[in-house]
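Undergrad: Pasting a structure below so you can have a look.
The values are calculated or read from the model by the stated rules, or taken from the named source; none is laboratory data. None of these values were measured; they are calculated from a predicted model. We place every Cβ from the backbone using ideal geometry, glycine too, and count neighbours over all the protein chains shown. When the accessible area is computed, the model is the full protein with side chains, heavy atoms only, and any ligands, DNA or RNA have been set aside. Shrake-Rupley method; radii C 1.70, N 1.55, O 1.52, S 1.80 Å.
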Amino acid sequence: MGENEEQIVMPGDKLGIIEQYVPGEGTYDDDGEIKSSVLGNVKINQKKRIISVDSKFGKPALLKKGDIVYGQITDLKPQRANFNIECIKDNPRPLALPYMGAIHISQAKRDYLEKLSDAFRIGDIIQAKVVKITGDNVDLGTVDDDCGVLKAMCTRCRDFMHTTSKENELQCNTCNKKEKRKVSLLRKTFSQNI
């Protein structure tokens, strides 16, 4: 591969060996072989002996502490709500990996919460903040006012719910059942845009 040669590579394509180059951005070392991790153009810095791939589509989104994410509650336990992370707020790129997170009862709201089911239910669409990432474990929180339930369905008839005059209370559009949730202040804006 020449320095000025414009070559398009796909993920997994062999670019060289570690004796020739140092793996740069968009590449990885696979047992001594340098391979592309993204679709893009090969870039070689002959002076520093670095080979990299400049992605045509940018880098995939990776989670980091402090990110605001959207997702859905998939399971509810007494102390934890499991959460399927769908995307990062204000980031149009898809996530690099499918992420699952969890909201501990102590991270659901500022005040004391006796039951996690008073904050969330399975199927709720949530905005949450990434509190900690340890390996595959993503801890989330909804303590901030803009975090919490954005869209919810009634547990009786599965119709969508709207806010009431009471704080953190939703009411079904069809059967009028009232349920407690940790509601995001952004809920009204979000509901109008969906």
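Undergrad: What percentages make up the Cα-Cα pair-distance distribution of the chain when the bins are 10 Å wide from 0?
TA: 9, 29, 23, 15, 13, 9, 2, 0
Undergrad: Shifting gears a bit: For the stretch 71-141, which chymotrypsin sites (Phe, Trp or Tyr not before Pro) are in a loop by DSSP, counting at most 13 other Cβ atoms within 10 Å? Could the numbers behind the result be given before it?
TA: On the way: sites: 83, 99, 112, 120; in loops: 112, 120.
Hits after loop and neighbour filter: 112.
Undergrad: Let me ask something else. Looking at the stretch 104-194, which GluC sites (Glu not before Pro) are in a loop (DSSP not H, G, I, E or B) and have at most 16 other Cβ atoms within 10 Å?
TA: Numbers: sites: 114, 167, 169, 179; in loops: 114, 167.
Sites meeting the loop and neighbour criteria: 114, 167.
Undergrad: On to the next question. For the chain, what is the relative contact order in percent, using Cα pairs closer than 8 Å and at least 6 residues apart in sequence?
TA: On the way: 447 pairs, mean separation 26.7, N = 194.
Here the relative contact order equals 14 percent.
Undergrad: From the phi of every residue in the stretch 21-26, what ³J(HN,Hα) in whole Hz does the Karplus formula 6.51 cos²θ - 1.76 cosθ + 1.60 yield, where θ is phi - 60° and glycine or proline is x?
TA: So the Karplus estimates, Gly and Pro as x, are 9, 9, x, x, 5, x Hz.
Undergrad: Per residue, how much accessible area does the stretch 106-171 have with a 1.4 Å probe, in Å²? Intermediate results must be reported in sequence, preceding the final value.
TA: Values: 3460 Å² over 66 residues.
With the other protein chains kept in place, the stretch 106-171 gives 52 Å² per residue.
Undergrad: Test of understanding: given the chain, find the longest segment containing no trypsin sites (Lys or Arg not before Pro) that are in a DSSP loop and have at most 13 other Cβ atoms within 10 Å.
TA: Working: sites that count: 47, 48, 49, 56, 64, 65, 89, 110, 115, 156, 158, 166.
My reading of the result: 1-46 is the longest stretch.
Undergrad: If you average over every viewing direction, what projected area does the convex hull of the Cα atoms of the stretch 57-121 give, in nm²? Walk me through the numbers before you get to the answer.
TA: Working: hull surface 19.4 nm².
The Cα convex hull of the stretch 57-121, projected and averaged over all directions, gives 4.9 nm².
Undergrad: While we're looking at this one, here's another question. Under a 5 Å amide H to amide H cut-off, with H placed in plane at 1.01 Å, what residues pair with residue 183 once short-range neighbours are removed?
TA: Hits under the 5 Å cutoff: 149, 168.
Undergrad: With a 1.4 Å probe and all protein chains left in place, how much of the accessible area of the chain comes from carbon and sulfur atoms, in whole percent?
TA: Working: 5570 of 11400 Å².
The nonpolar share, carbon plus sulfur, comes to 49 percent.
Undergrad: Then there is this: Put +1 on the Cβ of every Lys and Arg and -1 on every Asp and Glu Cβ in the chain; which of 87, 108, 161 then has its Cα farthest towards the positive end of the dipole?
TA: 161
Undergrad: Which loop GluC sites (Glu not before Pro) in the stretch 8-39, with loop taken from DSSP, have no more than 11 other Cβ atoms within 10 angstrom of their Cβ?
TA: On the way: sites: 19, 25, 33; in loops: 19, 25.
For GluC sites (Glu not before Pro) across the stretch 8-39 that sit outside H, G, I, E and B with at most 11 neighbouring Cβ atoms in 10 Å, the list reads 19.
Undergrad: For the stretch 84-97, take each phi angle, set θ = phi - 60°, evaluate the Karplus expression 6.51 cos²θ - 1.76 cosθ + 1.60, and give the result in whole Hz per residue in order, putting x for glycine and proline.
TA: Once θ is set to phi - 60°, the couplings for the stretch 84-97 become 8, 7, 8, 6, 9, 4, 6, 10, x, 6, x, 5, 5, 10 Hz.
Undergrad: If I stretch the segment between residue 10 and residue 177 completely, what's the gain in nm (0.36 nm per residue apart, minus their alpha carbon distance), one decimal? Provide the component values of the computation, followed by the final result.
TA: Working: separation 167, 0.36 × 167 = 60.12 nm, distance 5.31 nm.
The residue 10-residue 177 span can extend by a further 54.8 nm.
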